[in-house]
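The values are calculated or read from the model by the stated rules, or taken from the named source; none is laboratory data. Values in this document were obtained by computation on a predicted structure and should not be read as measured data. Here the Cβ positions follow ideal geometry from the backbone for every residue, glycine too, while neighbour counts run over all protein chains shown. Keep in mind that these areas ignore ligands, DNA and RNA; they rest on the heavy atoms of the full protein, side chains included. Shrake-Rupley method; radii C 1.70, N 1.55, O 1.52, S 1.80 Å.
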Amino acid sequence: MKKIFVVFIASIILLINLTFATEVEQNSYFDAKSSSLGFTFVTLDSEGETYFFNPATLSLKKFSYFALTFDNTSNSPNLKLSYFYPSTTIYAITADLIIDKDTKEYSLKNIRGAIAFPLTSYIYLGTSAVYSEEENLVKGNIGLILKIGDFLRTGIVGEGFTIEKISDQVYKITLALRYDIGLNLSLFNNTTNIYLDLVDVENFSNNKDWSLLRFGIEQKLGNILVIRIGSRGDITNLSNYTLGIGLNLNRLSLSFSLFSENTEDSNNSNESLKIKYKLTGTLRF
């Protein structure tokens, strides 16, 4: 256990040092496992901050653990720290660790959390929330997970509800802005997992926009190595594909993903396709 903890701390120090040399774009809140599986999230037992999108997936947690995600998709150096505590009711909290490159000072921002609990033995409800200082309101999602045996689960998410304080006694509540659905099929004694998500169901129904479809395939090779591949949208477009690997080392696990993003060139304002990556490490207690 001590050796694992030393390795984990060393990885954190390395990631912090890497952030000082990285100038990147605005980060999206998905961990490495999700981003390697086509950014699926509705039924995914993610390893880090992705749980925020469907908080009901916290019901899939079996152990308490600490997770850290680093990527090169943000302009400012930051790490995402997450803590998970499963019991009858499952809790999670995430914060961005911001490091000022000039002063070397640390700060925690964008603190967000979630809770999930069972409605029945096979239906779980979850809700997530984050406070936006700029807009002075609470934003969050509500999700459901339905487990069908040991091989299939499905879910639905209502994204974007808000609670705004108008006065001391008046609050304005806005319902979800869009709905997402997904399923997970587990095959061959959970060695192969297939994920399929449809985000913004109403938009897809009206416009048949296939860019709203996401999928991922995960294949376990023994007890240690996991191979992952996915796609965001049109499967004929290679730039939509995502790749990743996972390593499970007893209490310590690591996931790494590669994907592409359109970035704007500051010199000529043209967009170019660049390879991005994410790395998530977890330490189970």
Seminar exercise, completed: Sorting 106, 155, 90 by the position of each Cα along the dipole of the chain (Lys, Arg +1; Asp, Glu -1; all at Cβ), the one nearest the positive end of that ordering is 90
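In debye, nearest 20, what is the charge dipole magnitude of the chain about its Cα centre with +1 on Lys and Arg Cβ and -1 on Asp and Glu Cβ, if you could check?
1280
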For this session: Taking the Cβ of residue 234 as the centre, find all other residues whose Cβ is under 14 Å away and add up their charges (Lys, Arg: +1; Asp, Glu: -1).
Result: +2
Problem set entry | Value of relative contact order over the chain, rounded to a whole percent, pairs C-alpha under 8 Å and six or more apart | 19
Seminar exercise, completed: Most fluctuating of 72, 110, 223 in the GNM of the chain (C-alpha, under 10 Å) is 223
Exercise. Pulled fully out, how much extra length does the chain show between residue 148 and residue 136, if you take 0.36 nm times their separation in residues and subtract their Cα-Cα distance?
Worked result: 0.3 nm
Problem set entry | Heavy-atom SASA rank of 274, 220 (probe 1.4 Å, accessible area, largest first) | 274, 220
Problem set entry | Residue of 228, 251, 214 that the Gaussian network model of the chain assigns the largest fluctuation, springs spanning Cα pairs under 10 Å | 251
For this session: Keeping all protein chains in position, work out how much accessible area residue 42 exposes to a 1.4 Å probe, and write it in Å² to the nearest 10.
Result: 0
For this session: Give, as a single signed number, the net charge of other residues whose beta carbon lies under 12 Å from the beta carbon of residue 281, with Lys and Arg counted +1 and Asp and Glu -1.
Result: +3
For this session: Using a 10 Å cut-off on Cβ atoms, rank the peptides 179-188, 118-127, 31-40, 160-169 from the highest mean neighbour count down.
Result: 31-40, 179-188, 118-127, 160-169
Exercise. Using θ = phi - 60° and the Karplus form 6.51 cos²θ - 1.76 cosθ + 1.60, what ³J(HN,Hα) does each residue of segment 220-232 get, whole Hz, x for Gly and Pro?
Worked result: 8, 10, x, 9, 10, 9, 10, 10, 9, 8, x, 8, 10
Problem set entry | Cα gyration tensor shape for segment 174-283, rounded if a/c is under 1.5, else prolate or oblate | oblate
Problem set entry | Over 28 Å (Cα to Cα) - which of 101/220; 109/172; 109/208; 61/139; 61/208 fall in this group | 101/220; 109/208; 61/208
Problem set entry | residue 103 - accessible surface, heavy atoms, 1.4 Å probe, Å² rounded to 10 | 80
